[in-house]
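Where a number appears in this text, it was derived from the coordinates with a stated rule and is not lab data. Remember, predicted model here, so these are calculated numbers, not experimental data. With ideal geometry, Cβ positions are generated from the backbone for all residues, glycine too; neighbour counts draw on all protein chains shown.
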Amino acid sequence: MKNFLILAAFAVLASCQSDPNQPLKEALTFYASFDNGTDADFAKGDKRIYTARSQRAADSAEVGMLNPDHRIIENQGKFGDAFRFGAKSDTVVFYKSKDNIAHDATNWSGTVSFWLKVDPVKDLAPGFTDPIQITDQRYDDAAIWVDFTGENPRTFRLGVLGDRVEWHKDTVNTSRREEYARRLVPVEELPFSSNNWTHIAITFTGLGSAQSIATLYLDGKNMGSIEGVDDPFNWELDKSNIFIGINFIGMMDELSIYNRPFSAEEVQQLYTLEEGVVALVK
């Protein structure tokens with residue numbers, strides 16, 4: 001038995017050495033390349049995209065990408081085709097979170113990755129815009145998101161907020177604005193451009209616990225972290241969604257989600273995949 005275990009261990013090691021992407025493959029839970037339409041290429045849960053007349057009306061969403069202002073643009077993605085968000089709108093599009101995200105209310109870990117092509121000054125309409133927002137309620141209630149702030153010069157931010165009723169309790173000795181800001185990673189010097197693609201990665205571990213940490217990466221570079229977000233992330237799982245392109249005008253490509261936090265080296269590996277995430281699903 002001992003010899004068998006040793007041989008098995010060597011086999012696993014050899015497999016990882018022959019395919020350096022294997023650890024990333026094993027963590028993948030959701031992938032939308034936008035090369036075959038707007039539905040996901042790979043999903044542990046529902047692959048379909050949904051459209052609702054507003055975020056509040058997500059419960060009555062219809063299957064399909066039904067916003068006429070948005071469309072797939074052929075051969076203009078970081079890899080292959082891309083999803084073009086053509087106009088600011090109350091209409092929202094999203095994927096369902098259930099099984100596509102390894103959610104845990106008090107110990108949530110994972111990685112989210114995607115590419116954007118946008119000039120924040122010239123392309124975006126006035127007001128806040130969230131390229132991605134993952135929640136069952138709203139942006140300040142058990143949610144992870146990145147956004148561009150509403151006025152030029154814009155700031156790009158990672159937001160990680162647990163249950164609203166819980167983090168509001170932390171305002172006994174500080175203001176609500178201060179507690180909200182403590183859960184953000186702001187970036188003021190933006191790398192975004194209408195001529196180049198920018199890679200965004202969010203890694204997070206132990207959300208809902210005092211040991212939690214969430215980190216924002218842009219083009220493989222660590223832009224800062226949020227630590228100690230110990231408020232729980234309670235969801236009605238069937239109502240939780242992966243919203244994309246809220247009020248966004250620009251292009252998105254290669255949306256992928258993983259069930260564990262990637263190291264800085266793995267984020268760099270993801271950023272430099274020559275073929276994109278499709279290499280992980282071959």
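Restrict the check to the range 124-134 and report whether at least one residue is under 19 Å from A210 (Cα atoms), touching a residue at least 40 places away in the same chain (Cβ under 8 Å) and not aromatic (F, W, Y).
Scanning the range 124-134, I find no residue that is under 19 Å from A210 (Cα atoms), touching a residue at least 40 places away in the same chain (Cβ under 8 Å) and not aromatic (F, W, Y), so the answer is no.
Looking only at residues in the range 222-254 that are aliphatic (A, V, I, L, M) and closer than 27 Å to R164 by Cα, which one is surrounded by the fewest Cβ atoms within 10 Å (Cβ to Cβ)?
Top of the filtered list is L237.
Among the candidates T215, T174, which residue alone is free of Cβ contacts under 8 Å to residues at least 60 places away in the same chain, more than 30 Å from E62 (Cα to Cα) and over 16 Å from the mean Cα position of the chain (by Cα)?
Criteria check complete, one pass: T174.
Kindly provide the set of residues from the range 67-88 that are more than 15 Å from G245 (Cα to Cα) and touching a Phe, Trp or Tyr at 6+ places or on another chain (Cβ under 7 Å), ordered by number.
G77, K78, D81
Of everything in the range 42-64 that's in a loop (DSSP other than H, G, I, E, B) and buried (at least 18 other Cβ atoms within 10 Å of the Cβ), which residue is farthest from the chain's Cα centre (by Cα)?
So, considering only residues that are in a loop (DSSP other than H, G, I, E, B) and buried (at least 18 other Cβ atoms within 10 Å of the Cβ), the one farthest from the chain's Cα centre (by Cα) is A61.
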